[in-house]
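A short write-up of the structure that comes next.
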Amino acid sequence: MQEWINANNVIDIQFFPKNPSAASATEIIKDANKMISAYINDKCSNYVDPLDRGEHA
Amino acid sequence: MPNGQNLAISLALDMRAKFCMELTEIQPLAVNTTKLINFIAKETETKIQIKTVSGLQTLRGTLIRKADEAIILVGDKSINTECWERFTVIKEVSHLFLDKPEWFNTDTVKKANGLVSREIENSHFAGEIEVILAAIELLIPYEFSTRMAHMSNVEEMTSLTIAEFFKVPLLYMEYRMKKLDIPIIRP
């Protein structure tokens, strides 16, 4: 992840943990790696407001 | 309230005033986050991509910022309810109009350690409270306070039900109602 950040003109990164007091830095980094990997490999979908997704009655 | 937090709220109020509160069609009290993000992108002259990622356990969301581009990665239902998903994207996008360049940092290990220790070191933690306050201002507008009071006191809705109407996390709805001095009489 750090290599990708350094190679892609990133100037800042922010994390939003679900529970900072219960999480470890290792767990945060693990999920961050998962997120960035998904992005790089196009394994994620475009965000649309949940209420606009047409899934509601 | 510290000056930084007051400034964050003020900036969020300015953004909200310009946005003119586009609401979702499905729920008439829920701010349309897709439209709000598109608006903030134009206001900050930033190209914003927001992607949904599955299989997460610890992180609700992540912001990756470049000079004139931002990538927001938000966890899907594996970690976020719809309310948390909406709040997370608005919280992350708020960094774009709140954060000072001197706070920028790309050291992921230092950032993660700073969050866990909750120590403000070189601003690794600084700004998090401010962006949360900004997101609350954007998603639970003061203009709705009369409506919220009516829902709580006359329609006898619980704060959880009211949070669902606004499609925001209960945690922040309760914070908002306390700040607006609306009694929360039912759990």
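The values are calculated or read from the model by the stated rules, or taken from the named source; none is laboratory data. All values reported here derive from a predicted model rather than from experimental measurement. Because the Cβ atoms are built from the backbone with ideal geometry, glycine has one as well, and the counts that use them run over all protein chains shown.
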Fill in the blank from the handout: Residues in the range B:37-58 that are in contact with an Asp or Glu (Cβ under 7 Å, 6 or more places away or on another chain) and among the aliphatic types (A, V, I, L, M) total 2
Fill in the blank from the handout: Note on the range B:148-187: residues in a helix (DSSP H, G or I), among the charged types (D, E, K, R) and either modelled with pLDDT of 90 or more or surrounded by 22 or more Cβ atoms within 10 Å (Cβ to Cβ) (or both) are B:GLU164, B:GLU174, B:ARG176
Problem - Matching residues, the range B:1-22, being in a helix (DSSP H, G or I) and either under 13 Å from B:LEU139 (Cα atoms) or hydrophobic (A, V, I, L, M, F, W, C) (or both) - result: B:LEU7, B:ALA8, B:ILE9, B:LEU11, B:ALA12, B:LEU13, B:MET15, B:ARG16, B:ALA17, B:PHE19
Exercise for the section: Would you mention how many residues in the range B:71-98 are within 7 Å of another protein chain (Cβ to nearest Cβ) and either without any contact (Cβ under 8 Å) to a residue 24 or more places away in the chain or not polar (S, T, N, Q) (or both)? Expected result: 11
Problem - Those helices (runs of 4 or more DSSP H) lying entirely in the range B:23-129 with at least 1 residues in contact with a Ser or Thr (Cβ under 6 Å, 6 or more places away or on another chain) and surrounded by fewer than 21 Cβ atoms within 10 Å (Cβ to Cβ) - result: B:82-98
Problem - Check on A:ILE29, under 14 Å from the mean Cα position of the chain (by Cα), among the hydrophobic types (A, V, I, L, M, F, W, C) and either closer than 18 Å to B:LYS47 by Cβ or part of a loop (DSSP other than H, G, I, E, B) (or both) - result: no
Exercise for the section: Taking A:ILE36 as meeting all but one of (1) assigned to a helix (DSSP H, G or I); (2) within 7 Å of chain B (Cβ to nearest Cβ); (3) within 24 Å of B:ASP107 (Cβ to Cβ), write down the number of the exception. Expected result: (2)
Completion exercise
Of the residues in the range B:10-50 that are of a type in the set (D, E, K, R) and closer than 20 Å to B:PRO169 by Cα, the one that is farthest from the other protein chains (Cβ to nearest Cβ) is B:ARG16
Exercise for the section: Go over the candidates B:ILE162, B:ILE132 one by one and state the one that is in contact with a Phe, Trp or Tyr (Cβ under 8 Å, 6 or more places away or on another chain) and under 25 Å from B:ILE37 (Cα atoms). Expected result: B:ILE132
Practice task
Pick out the one residue from A:ASN41, A:ASN9 that is within 7 Å of chain B (Cβ to nearest Cβ), without any contact (Cβ under 8 Å) to a residue 60 or more places away in the chain, surrounded by fewer than 19 Cβ atoms within 10 Å (Cβ to Cβ) and more than 20 Å from B:TRP84 (Cβ to Cβ).
Solution key: A:ASN9
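Residue by residue, here is whether (1) within 19 Å of the chain's Cα centre (by Cα); (2) free of Cβ contacts under 8 Å to residues at least 40 places away in the same chain holds:
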| position | (1), (2) |
| --- | --- |
| B:GLU128 | yes, yes |
| B:LEU138 | yes, no |
| B:MET148 | yes, yes |
| B:MET151 | no, yes |
| B:GLU155 | no, yes |
| B:TYR172 | yes, no |
